[in-house]
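See structure below.
Please treat every number below as a calculation from the coordinates, not as lab data. Bear in mind that the values here come from a model prediction, so they are computed numbers and not experimental data. For neighbour counting, all protein chains shown are included, and Cβ atoms are generated from backbone atoms with ideal geometry for every residue, glycine included.
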Amino acid sequence: MDRLRNASSLALCWAGLLALVLAQTLGVRAAQSTAAVPDIDPRVAAGSKNAPIVMEVFSDFQCPACKTLFMTTNRQLMDNYVSTGKVYLIHRDFPLPMHAHSQVAAQYGRAAAQIGKFEVVEQALFEKQERWEQNGDLDGTVAAVLSPAEMTKVRALVKSGALNAAIQKDVALGKFYNVNQTPTTVFHAKGQTFPYGGVMNYEILRNFLDQLGKS
């Protein structure tokens, strides 16, 4: 019991320290509300636009660390903060040039969003990442979770190239925030902006969000 209590206290201490460091050294730009966060596509966002905390996650579908964040921390985040109206979570595409299939994966994700199927395709792309990374079969990966009629629409959107502009807007925004790795999460709360690169453990994130809510 003492060991659990000490671990919880340590997590809270780290969260408080992280909040302080971010606030003092990484709070680079103001953002008063979702209205001040540019180019939000609600089709790739979740939660309430009126949430007190906005999180933008710059992600690459071929990035192993992005998969880890999605499969672990962000699932608990969705249950405990997004669905309860405390956090507005925004997906941002940031395909890295080093990944051969990440740009096309982003196109499929955007196309799915256009027909209201982003969440199911996002999950499929991350869960089957190792498979399509090896064989490049993004089309088959997405087709496995959509109906034939939905896939016809998705393929047409991908083929048109019309989705590249939205992806490049996200990349440009990431560069504005000085994003240089994926995943990078940009927190907006009470007029401050805090970028954090890498995968944050859920316990640390939970305590950090609670600190932001109190500050």
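Some observations on this one:
- Residues R206, R92, ranked from the fewest to the most other C-beta atoms within 10 Å, line up as R206, R92.
- Backbone phi angles across the range 61-75, fed through the Karplus curve with coefficients 6.51, -1.76 and 1.60 (θ = phi - 60°), yield HN-Hα couplings of 4, 9, 7, x, 5, 5, 4, 4, 4, 5, 6, 10, 4, 5, 5 Hz in residue order; Gly and Pro are listed as x.
- Set of aspartates and glutamates with alpha-carbon distance to K67 below 13 Å, sequence-local pairs under 8 removed: E122, E127, E130, E133
- Listed pairs K117/K190; K49/K175; K128/K214 exceeding 27 Å between Cα atoms: K117/K190; K128/K214
- Simple spin-label estimate for K49 and T72 in nanometres, 7 Å along Cα-Cβ: 3.4
- Counting only aspartates and glutamates at least 8 places from K86 when in the same chain, those with an alpha carbon closer than 17 Å to its own are E56, E203, D210.
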